Amino acid sequence: VDAPENSRAPRPPALVSIILPVHNAEEWLDECLKSVLQQDFEGSLELSVFDDASKDKSMTIIERWKGKLESAGIPVVIGGHDSPSPRGVGYSKNQAIVQSSGSYLCFLDSDDVMMPQRVRLQHQAAEQHPTSIIGCQVRRDPPDSTARYTRWINQLAPDQLLTQVFTSHGPTVIMPTWFCSRAWFSHVGLFDEGGQGVPEDLLFFYEHLRKGGGVVRVDQSLLLYRYHLHAATHSVLESTIWAHRVCFLEEQALPRWAAFTIWNAGKQGRRLYRSLTTASQRKVVAFCDVDKNKIKKGFYCHEDAQERPKPRVPILHFRAARPPFVICVKLDLTGGEFEDNLRSLQLREGQDFLHFS
C-alpha cells in the first residue's frame, strides 16, 4: 500500500535554495524556469516559489515546470495565497525563504534569466565570504534601456561596493543578483513587508551594512536583467528613496566628520542641505562648484531655516574648497569633465569624499 503523501520521508535539506517570488509573470516564466533547469551546479539545488495572488497563468506554467525540474533532481516547493490583492515583494520573498531548506539563498526575479554558471560561481564566493551579500555583473534587456545604471552596476571597483552605498542607484549589487548564506540572512532579519512603494531591498541592504556585512561581486555577467514598465521598482517614489538615503548618510557617514563641503551649489546640493538635520547643516562649511555665476553669488542662504540669523553658506570654486566632500554631481554625464576635476585633487574615496548622487 502506498504511504499517504504527507508521511513520506522528508527530503534532505538542499545546499542552495533559489528564491522566486511570482506575481503575474506568465510572460517571462518559461525562460526564467528554463534557466533554473540549466544550472551547472553540482550540489543539491531546490526551487522555492511563492505566488503573490497572480491572476494570470503563472501557476499553470509553474506546475508544468515542476515535473521537468523534479525529474532533473531539483525539488520544487510551491506556496502562495489568492487574496484579492498582492501583499508585495518583501512578503513574498520572506515566505519563499521560510518554506525553503537550503543553507544558501539565491534570489531570482521571475522576469530575469540566469546564466548556467550563476549558482556555482556565487556559491563558491559565498563560501569564502560567509557574511557578505554576493552579487554579479548583469546584461540588460533591452540592451540600451538604462545604460548609465548598467555601467555603474558592472564597473564599480571592489572597495566602491562599500563606499558608493549612499548614491541614488541604491544597493551596489542589485537585488536580483543577491546570493548569501541563510545564517547571515537570518542574522540581518527579514525583508520589510510594507508592500507597494517600500524599497525593501534598499532597507535590507542598509541593515546588512549596519550589522557589518560585506559586499562582493562575481565579475562575470551571470544574469539577464530585464527592464520593463511593470517591474515592481517603478512603484517606489524617488522621494521615499531620498529620505532613506539621507538618514543613512547621517547615521553612517557624517558622524565621522566635524565639517564637510557639499560639491554642487545647484538644485541637488541645495536639496541635500535642506534635507539634513540642523546638527548636520551646521557641519556644512561650504558649497563648491565650477559654475562662475553660482560662485560669484558668494553664498547660499537657507530661507526656510528656523535659526536667526538665517545660515549663509559660502559657495567656492572646487579648488578653493576643503575636503571632505559629499558629492551631489551625477557621474558619467559631463563627458568626463567632473571626474577629471575630482581626480585632480588626488583624494581617497570613502575618507575624503563620498558620492551621494
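The values are calculated or read from the model by the stated rules, or taken from the named source; none is laboratory data. Please read these numbers as outputs of a predicted model, since none were measured by experiment. Reconstructed Cβ throughout: ideal geometry from the backbone, glycine too, with neighbour counts over all protein chains shown.
Would you confirm, using the coordinates I've provided, whether Ser186 is within 28 Å of Ala253 (Cα to Cα), without any contact (Cβ under 8 Å) to a residue 12 or more places away in the chain and surrounded by fewer than 20 Cβ atoms within 10 Å (Cβ to Cβ)? So Ser186 passes the test. Among the residues here, Thr240 does not qualify as of a type in the set (Ser, Thr, Tyr), farther than 30 Å from Val36 by Cα and in a strand (DSSP E or B). Might you check whether a residue that is touching a Leu at 6+ places or on another chain (Cβ under 9 Å) and surrounded by fewer than 19 Cβ atoms within 10 Å (Cβ to Cβ) occurs anywhere in segment 118-135? Within segment 118-135, not a single residue is touching a Leu at 6+ places or on another chain (Cβ under 9 Å) and surrounded by fewer than 19 Cβ atoms within 10 Å (Cβ to Cβ). Residues in segment 258-294 that are surrounded by fewer than 15 Cβ atoms within 10 Å (Cβ to Cβ), of a type in the set (Gly, Ala, Ser) and in contact (Cβ under 8 Å) with a residue 24 or more places away in the chain: Ala258, Ala259, Gly266.
The residue list Ile97, Ile74 contains one member that is outside any loop (DSSP other than H, G, I, E, B) and touching a residue at least 12 places away in the same chain (Cβ under 8 Å), which is Ile97. Does Gln220 satisfy the criteria of being assigned by TED's automatic domain parsing to the domain that holds Lys93 and modelled with pLDDT under 95? So Gln220 does not fit the description; no.
Would you check if there is a residue in segment 187-202 being among the aliphatic types (A, V, I, L, M), part of a loop (DSSP other than H, G, I, E, B) and more than 20 Å from Asp159 (Cβ to Cβ)? Checked segment 187-202: at least one residue is among the aliphatic types (A, V, I, L, M), part of a loop (DSSP other than H, G, I, E, B) and more than 20 Å from Asp159 (Cβ to Cβ).
Filtering segment 100-118 to residues that are part of a loop (DSSP other than H, G, I, E, B) and either among the hydroxyl-bearing types (Ser, Thr, Tyr) or not assigned by TED's automatic domain parsing to the domain that holds Leu222 (or both) leaves Ser100, Ser101, Ser103, Ser110. Only residues that are assigned to a strand (DSSP E or B) and under 21 Å from Leu121 (Cα atoms) were counted in segment 30-71, giving 4. Under 19 Å from Pro21 (Cβ atoms) and either under 14 Å from the mean Cα position of the chain (by Cα) or modelled with pLDDT under 95 (or both), is that true of Val138? The answer is yes for Val138. The sole residue among Leu162, Leu202 that is at pLDDT 95 or above, surrounded by fewer than 16 Cβ atoms within 10 Å (Cβ to Cβ) and closer than 27 Å to Cys328 by Cα is Leu162. Considering segment 312-329, the residues that are surrounded by 16 or more Cβ atoms within 10 Å (Cβ to Cβ) and free of Cβ contacts under 8 Å to residues at least 60 places away in the same chain include one that is nearest to Glu250 (Cα to Cα), namely Val313. Residues of segment 59-71 that are in contact (Cβ under 8 Å) with a residue 24 or more places away in the chain and charged (D, E, K, R): Lys68 alone. Just so you know, in segment 143-156 the residues that are part of a loop (DSSP other than H, G, I, E, B) and closer than 22 Å to Gln117 by Cα include one that is modelled with the lowest pLDDT, and it is Pro143.
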